[in-house]
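These notes are about the structure you will find just below.
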Amino acid sequence: MKHLLISAGRGPQECAWAVAQLTRRLEAEGVRRGLAVARVETVAGERPGTYRSVLLRIAGNGADQLAAAWTGTLCWQAPSPYRTGTSRKNWYVIAQTCEVDPAHTAFAEADVDVVACRTGGPGGQHRNKASTAVRATHRPSGTVVVVDTERQFSQNRRIALELLRQRLAHADEAADRALDKARRGIHDELVRGNPVRTERP
């Protein structure tokens, strides 16, 4: 399965029209190839039936090949349906594959190795001799925390597990933000000219 984002970038309203036309053309090609092409997300353009962007999910044997054939600068070649005074006929859009659902790290205590270790610093004879500190390692991610704030092992263990949960959640949030930023960046990658394919009505 592949996800393909088709965007008009910062182009005029004709580019949003081109996105709609090219999306339908791609969907038709997907049907001919026996693939399932679905619109996951659309951003409407100024004119009815136009799109500033369309996110497509392509599924089936050959999804990679179809996505690759449509990746890059695309050109819809036709007179403007909105401006009769312009001679321009080439309307460029950008199509790029992208990730949609980043892999989040599931947290389970069974994936955590908890080891008792001696703590240092002030706290009296019991604190110095007893192994009350906790070193907790989340094996799937390799995240490690050490907790020695409490005098009892069980309390340090509880805190360590909560810290691991928080760190993994923060890492997932950072991954989501990075993915969203990468998708937004596609809209600014459009290079007009030298299209990978040109389509006409």
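The numbers here are math on the coordinates, done by the rules we state, and not lab data. Since the model is a prediction, treat every value here as computed from it, not as a measurement. As a convention, Cβ positions derive from the backbone with ideal geometry for all residues, glycine included, and neighbour counts pool all protein chains shown.
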task = Can you pull the one-decimal nm distance between simple spin-label points at residue 111 and residue 31, each 7 Å off the Cα toward Cβ?
result = 4.2 nm
query = Based on the Cβ-Cβ distance of residue 118 and residue 162, what FRET efficiency does E = 1/(1 + (r/R0)^6) give at R0 = 25 Å, to the nearest 0.05?
reply = 0.70
key: For the stretch 168-178, 3J(HN,Hα) per residue [Karplus equation, 6.51 cos²θ - 1.76 cosθ + 1.60, θ = phi - 60°, Hz, x = Gly/Pro]   = 5, 5, 5, 5, 5, 4, 5, 5, 4, 5, 5
ask   = Which residues' amide hydrogens lie under 5 Å from the amide hydrogen of residue 133, considering only partners 5 or more residues apart or on another chain, with H built in the peptide plane?
value = 117, 119
request  = Only Cα pairs under 8 Å and at least 6 apart count here; give the relative contact order of the stretch 53-92 as a rounded whole percent.
outcome  = 31 percent
request  = Return the label of the correct value of Cα Rg over 2.2 N^0.38 Å, as calculated from the structure shown, out of [x] 1.16; [y] 1.27; [z] 1.61.
outcome  = [z]
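Where nothing but the Cβ of Lys and Arg (+1) and of Asp and Glu (-1) is charged, how large is the charge dipole of the chain around its Cα centre, in debye to the nearest 20? Walk me through the numbers on the way to the answer.
Values: 30 positive and 21 negative charges, 73 e Å.
With Lys and Arg at +1 and Asp and Glu at -1, about 360 debye.
Say R0 is 35 Å: what FRET efficiency, to the nearest 0.05, do residue 135 and residue 98 get from their beta-carbon distance?
On the way: r = 39 Å, r/R0 = 1.10.
Given R0 = 35 Å and the Cβ-Cβ separation, E is 0.35.
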query = What are the ³J(HN,Hα) values, in whole Hz, obtained from phi via the Karplus relation 6.51 cos²θ - 1.76 cosθ + 1.60 with θ = phi - 60°, for each residue of the stretch 146-152 in sequence order, with x given for Gly and Pro?
reply = 10, 10, 9, 6, 10, 8, 10
request  = Describe numerically, in nm with one decimal, the distance between label points set 7 Å from Cα along Cα→Cβ at residue 42 and at residue 170.
outcome  = 4.1 nm
request  = Mind checking the full-extension length gain between residue 146 and residue 78? Use 0.36 nm per residue of separation minus the Cα-Cα distance, one decimal, nm.
outcome  = 18.0 nm
ask   = Which residue, 64, 176, 101, tops the fluctuation ranking in a GNM of the chain built on C-alpha contacts under 10 Å?
value = 101
remark   = Listed by chain and number, the residues whose amide H is under 5 Å from that of residue 197, excluding neighbours fewer than 5 places away on the same chain and using placed H, are 75
